[in-house]
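Below you'll find the structure, written out as structure tokens, and then a few comments.
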Amino acid sequence: MTDRIETIIGQGGVGLAPAKPRAVKLDRSDIILQSISYVFVTLFALFCLAPFVLILSASFSSEAAIMKTGFGILPKDFTLTAYEWIFRAPRQVVGSYIVTITMTVCGTAIGLFIISMTGYALNRKDFPFRNYIAFFIYFTTLFSAGLAPTFLWVARDLGLRGNYLAVFLQLLMTPWLIILMKNFMRTVPYEIIESGKMDGAGDFRIFLSLCLPMMKPALATIGLFLALAYWNEWYLSSLYLGSTVEFKPLQYHLYNVINTANALRNSVAGSNVSVTNLPSNTLKMASAIVAIGPILLLYPFIQRYFVSGITIGAVKG
Amino acid sequence: MAKEEAFQRRKSLLRQLVDSRVLLLMCVPAIIFFIVFNYAPMPGAWIAFTNFNYRDGIFGSPFVGLKNFEFLIKSGQLWTLTRNTILYNLAFIILGNILQIAIAIMLNEIRSAFFKKISQAAMFLPFFISAVLVGVIAFNLLNYDTGAINALIRQTGGDPIKIYSQAGLWPIIIILVHLWQSTGYGSIVYFAAIMGIDRSLYEAATVDGANAWQRIRYVTLPSLKPTFIILVLFSLGGIMHGNFGLFWNLIGNNASLFSTTDIIETSVYRMVLSQNNFTTSTAVGLYQSLFGFALVMTANWIVRRINKDYALF
């Protein structure tokens, strides 16, 4: 059955060969279509960007101006007050950053290693159990125990309530990433594996020193998917960590700052400190910028790897 | 390669195990992972048929048969949740695919490589942010006192709207947010499919006197049909599973909006986390899993009838 998956994914139209320019002569319909395209794509792109601009502007606005006239597309009464509040007592934010960065780095490294090992083995045509194992993994996408039994199992039976491991471990891999890696592995010609065998290399050695070096684009793509999942994680934290840990993963920290007034105050002043004049509206926006900052900065460099990943894994996206 | 496979099949199981021990070992971490986090909790679905309490545990708690399901059906909750989940997904699938195809076709018409790159990057950006940030954006835009939309309404002299208490508005908002977040991502797939179309088809069409619209109608769209059918059928298979993060961060515990916004995932999450209600939530989860499973099977069966090569299994 996994061969079927390969077939479909193979249809995704991989390979972004540049389109050859069409006949140069443009008639009226071409010009109209092109004009519509430019206008509509521009509008939609602006629609996608606008919310980011809104948040950025709001974070640089003064609370008084926001209270008076509300959020807008340009900063109102430009000020750095909100950021000053965050970095005056940065304990919470820095703690969250450390937790999230540690999880992201370790999770991506370990997850990537396991995923590529599995993907490699499942792609080996001479591995007799590959279809059984692939189905065993794939089946988890068809049927699941559901949230409540899983929660009871992980929190109670495994005893991981309040333990960062509950979050860290569950994000290590997904069936989709394993299938994606398996498809990437198909680009390694079987002759290379055979030549490795000929030279007397073991299966693991062939994987490590022959296949992995050829898989750099795949590793980048899947590594980025993993890193994004760790960076954006808030859901498992809300289930398994709650308020049991002092330093919450970054996005869950942001979740609390947005949704509870106490969390907002504690995040900038520590608990048991009474604060007046807290610029709560702009502070929320500044916290959001602090939480996505690295993604926005890295975005231009990483975006293209995702494009190749989506193209290859089209169906299960 | 085929010869090798035939040869493998003839070997005894033990021999196969020994010969492929390294490859097997390489799969062990992943197998353990899925056993621990996916298969081990499955027997826990039994909770759906019990009156679960912590002291007696899953299999010691009194058996109540289908009572939990009966309650869900009688209270009408199951119907509301199913209806909301399916209708939202249908809207996402239909509008999403139309918009994605439209954007992909338009991107293909754009000649400037620079413009294409920049606009694609802009449209793809929302995919990268966490659901929590989607909640922040919604707060920025929609809240009554300082929200950007109400600010605009006030400036133009209108009456501000209490958006967070008007259930009727939310289907539109949720669909817009979903399209905002997923269109750039989805259009990449269609764009790649368009790039894969044989250019000579377009040249032939032009020679035959087809204008731009006719080329789209008779070349591009038919060529996208297989991709479209597969993507739609697979999304239909997942129609019982909602986008939890999106709904939860937009609505959360705002009960006045539940009638039009509560989906299976959000309801189960609330039952587990704030009500400690494990029986009803497990029942809903099991219903979702079984129904979803049946749907995937059906979708796959249909795909198989259309074209065997596209089927999952």
Before we move on, is A:Asn131 part of a helix (DSSP H, G or I) and open to solvent by 30 Å² or more (accessible area, probe 1.4 Å)? yes
Hey, among the residues in region B:200-249 that are of a type in the set (Phe, Trp, Tyr) and within 11 Å of chain A (Cβ to nearest Cβ), which one's nearest to B:Asn300 (Cα to Cα)? B:Phe234
Which listed residue, of A:Leu171, A:Leu180, is at pLDDT 90 or above and of a type outside the set (Asp, Glu): A:Leu171
Per-region count, region A:139-163, residues open to solvent by less than 20 Å² (accessible area, probe 1.4 Å) and either modelled with pLDDT under 90 or facing another protein chain (nearest Cβ under 8 Å) (or both): 9
Is region A:180-200 home to any residue that is part of a loop (DSSP other than H, G, I, E, B) and within 8 Å of chain B (Cβ to nearest Cβ)? no
Residues in region B:101-111: is at least one buried (at least 19 other Cβ atoms within 10 Å of the Cβ) and more than 9 Å from chain A (Cβ to nearest Cβ)? yes
Consider A:Trp153 carefully, then state whether it is on the phi < 0 side of the Ramachandran plot and touching a residue at least 12 places away in the same chain (Cβ under 8 Å). no
For region B:250-275 the number of residues that are facing chain A (nearest Cβ under 10 Å) and in a loop (DSSP other than H, G, I, E, B) is 2
So if I check each of A:Phe71, A:Phe78, A:Phe87, A:Phe113, which one is assigned to a helix (DSSP H, G or I) and either open to solvent by less than 40 Å² (accessible area, probe 1.4 Å) or within 27 Å of A:Asn277 (Cβ to Cβ) (or both)? A:Phe87
Contact list please: Cβ distance under 9 Å, first residue in region A:43-58 and among the polar types (S, T, N, Q), second residue open to solvent by 10 Å² or more (accessible area, probe 1.4 Å), pairs at least six apart or on different chains. A:Ser57/A:Gly72; A:Ser57/A:Ile73; A:Ser57/A:Leu74; A:Ser57/A:Pro75; A:Ser57/A:Lys76
Criterion (more than 9 Å from chain A (Cβ to nearest Cβ), under 26 Å from the mean Cα position of the chain (by Cα) and either under 30 Å from B:Asn211 (Cβ atoms) or outside any loop (DSSP other than H, G, I, E, B) (or both)) met by exactly one of B:Phe69, B:Phe33: B:Phe69
Is it fair to say B:Leu179 is open to solvent by less than 30 Å² (accessible area, probe 1.4 Å), of a type in the set (A, V, I, L, M, F, W, C) and part of a helix (DSSP H, G or I)? yes
Considering B:Ile58, B:Ile47, which residue is in contact (Cβ under 8 Å) with a residue 40 or more places away in the chain and assigned to a helix (DSSP H, G or I)? B:Ile47
Unique match (being buried (at least 19 other Cβ atoms within 10 Å of the Cβ), at pLDDT 90 or above and out of contact with any Gly (no Cβ under 6 Å at 6 or more places or on another chain)) among A:Ala166, A:Ala218: A:Ala166
Residue under evaluation B:Thr80, criteria (1) in contact with a helix residue (DSSP H, G or I) (Cβ under 6 Å, 6 or more places away or on another chain); (2) more than 8 Å from every other protein chain (Cβ to nearest Cβ); (3) hydroxyl-bearing (Ser, Thr, Tyr), criterion not met: (1)
In region B:121-180, what residues are free of Cβ contacts under 8 Å to residues at least 60 places away in the same chain, within 8 Å of chain A (Cβ to nearest Cβ) and polar (S, T, N, Q)? B:Asn140, B:Thr146, B:Asn150, B:Gln155
Only residues that are of a type in the set (D, E, K, R) and in contact (Cβ under 8 Å) with a residue 12 or more places away in the chain: list them for region A:73-106, please. A:Lys76, A:Asp77, A:Arg88, A:Arg91
For region A:185-215, which positions are of a type in the set (Lys, Arg) and either farther than 21 Å from B:Leu25 by Cβ or open to solvent by less than 50 Å² (accessible area, probe 1.4 Å) (or both)? A:Arg186
Region B:36-58 - residue that is under 24 Å from the mean Cα position of the chain (by Cα) and of a type in the set (A, V, I, L, M) and, of those, least open to solvent (accessible area, probe 1.4 Å): B:Ala45
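The values are calculated or read from the model by the stated rules, or taken from the named source; none is laboratory data. Values in this document were obtained by computation on a predicted structure and should not be read as measured data. Positions of Cβ are generated from backbone atoms using ideal geometry, with glycine treated the same way; all protein chains shown enter the neighbour counts. For the accessible areas, the whole protein counts, side chains as well, though only heavy atoms, and no ligand, DNA or RNA atoms are used. Shrake-Rupley method; radii C 1.70, N 1.55, O 1.52, S 1.80 Å.
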